[in-house]
1. Of these, 104, 188, which one is assigned to a helix (DSSP H, G or I), out of contact with any helix residue (DSSP H, G or I) (no Cβ under 8 Å at 6 or more places or on another chain), away from the ligand (no atom under 16 Å from the Cβ) and over 30 Å from residue 240 (Cα atoms)?
2. Condition first: closer than 20 Å to residue 38 by Cα and either more than 16 Å from the ligand (Cβ to nearest atom) or assigned to a loop (DSSP other than H, G, I, E, B) (or both). Now tell me which residues in the stretch 303-338 satisfy that.
3. If you go through the stretch 420-478 one residue at a time, how many are more than 30 Å from residue 132 (Cβ to Cβ) and assigned to a helix (DSSP H, G or I)?
4. Considering only the stretch 420-456, state which residues are surrounded by fewer than 12 Cβ atoms within 10 Å (Cβ to Cβ) and closer than 18 Å to residue 155 by Cβ.
5. Please count how many residues of the stretch 365-384 are without any contact (Cβ under 8 Å) to a residue 60 or more places away in the chain and either within 16 Å of the ligand (Cβ to nearest atom) or assigned to a helix (DSSP H, G or I) (or both).
6. Looking at this structure, is residue 114 without any contact (Cβ under 8 Å) to a residue 40 or more places away in the chain and either within 35 Å of the chain's Cα centre (by Cα) or within 16 Å of the ligand (Cβ to nearest atom) (or both)?
7. Quick check, is residue 147 away from the ligand (no atom under 16 Å from the Cβ), part of a helix (DSSP H, G or I), under 24 Å from residue 260 (Cβ atoms) and under 13 Å from the mean Cα position of the chain (by Cα)?
8. Among the residues of the stretch 314-328, is any under 30 Å from residue 279 (Cβ atoms) and either surrounded by fewer than 20 Cβ atoms within 10 Å (Cβ to Cβ) or in contact with a helix residue (DSSP H, G or I) (Cβ under 6 Å, 6 or more places away or on another chain) (or both)?
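The values are calculated or read from the model by the stated rules, or taken from the named source; none is laboratory data. Remember, predicted model here, so these are calculated numbers, not experimental data. Cβ sites come from the backbone with ideal geometry, for glycine too, and all protein chains shown count toward neighbours.
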Ligand code: ARG
């Protein structure tokens, strides 16, 4: 045993006589972050110990002792009483050291036929499976809040925007449901990623498998995997499951950031469309009148972090030859950061959306400008068999005339309109009506009341189905 501590002596064994430099110890330690894998590590070890017993590599009695000891370790972890020791480098060494304290030399049998390389890869897949489910739950909670708001605002009308210029009127429910669509795709990406986390690395050893008769099917099944990894080199050295999570998280954060940006804009005096609840706003330390939208601003700001987390792991992976390289330890901090940042962002945005107050009058006033119906006017001409380009040109001239003469488009008579095209069938007042314009947009995906109501109903059903699906997956990934 080396002279630098019982744990490290155990880790490196007889090959080493000198001590590791303390700076290297600090530099290479990961326990301060990989302790997040503790419960998964114990779970993997319990499956491994049982398999060792079942295949006769250790006695049934030793296997039972190990499983029982690991159970005690798990209890300590869950109670927050596990004595994490920075000198023991990482979570795997910490748990083995504690097991040795609890059980004595029999603990030394646990690592039979196993390397920390297949161990950490297994831990990470178990962790990813759990967080893919947890993240989906968080997303669906925000979806539920948006559906609730949409249900309250089928008849609230606001301008839809392109280029941040008022473009055409839409129902507020339609606007909220756009985010529901985005978030459902986000949830789908985490579900897709989870489906590929189905091959157990255990039994791959350091990189080339093992000479021992391990039962890889046994551990894979015990941990809820479809089967053992098909290639030991791949199993210990791939991190694309983590990359998929990070990519899905980055996209999801970008979607949350867009929603946040609208909450910031809409709660400004310039828009005045919404007011965030006190619980989701903050004051200014200097200006007593201020009510600031810090929650959506921070979500928008933290999006950069999560995009950075993805970039970080992509760059870490880019130059790595097969198989395991210590660089891979750098997979964890960006991953854990993204998981927590996304989880918290979803939580606070769900609260902010659920409690925000809509100023329907302000929205309607902004949507009432007849100019927003100029496209409808061109489409009236198309219905009169005028080619669209000609109609667009004619209405463009009508609009320019109104702007130049400071006229209300809605006030033009049929005769006024005929100066621009003789196919206009009625006055602007008769042709341009906000309600009628909304109702005319009744194609699938449109903003007519009946279409929005159906979309709302369908989204609520998908929400129920997703909740049931995620509830059913609870046991497997806990
Ligand atoms: N802490 C390491 C990691 O996260 C565990 C595996 C270490 N393996 C090794 N051969 N040094 O990747």
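1. Unique residue meeting the criteria: 104.
2. Answer for the stretch 303-338, where residues must be closer than 20 Å to residue 38 by Cα and either more than 16 Å from the ligand (Cβ to nearest atom) or assigned to a loop (DSSP other than H, G, I, E, B) (or both): just 338.
3. Going through the stretch 420-478, the residues more than 30 Å from residue 132 (Cβ to Cβ) turn out to be 420-444, 446-454.
Filter once more, so that each one left must be assigned to a helix (DSSP H, G or I): 428-431, 434-440, 449-454.
Residues meeting the conditions: 17.
4. Selection gives 435, 450.
5. Selection size over the stretch 365-384: 9.
6. no
7. So residue 147 does not fit the description; no.
8. Checked against the condition, which is being under 30 Å from residue 279 (Cβ atoms) and either surrounded by fewer than 20 Cβ atoms within 10 Å (Cβ to Cβ) or in contact with a helix residue (DSSP H, G or I) (Cβ under 6 Å, 6 or more places away or on another chain) (or both), the stretch 314-328 yields no hits at all.
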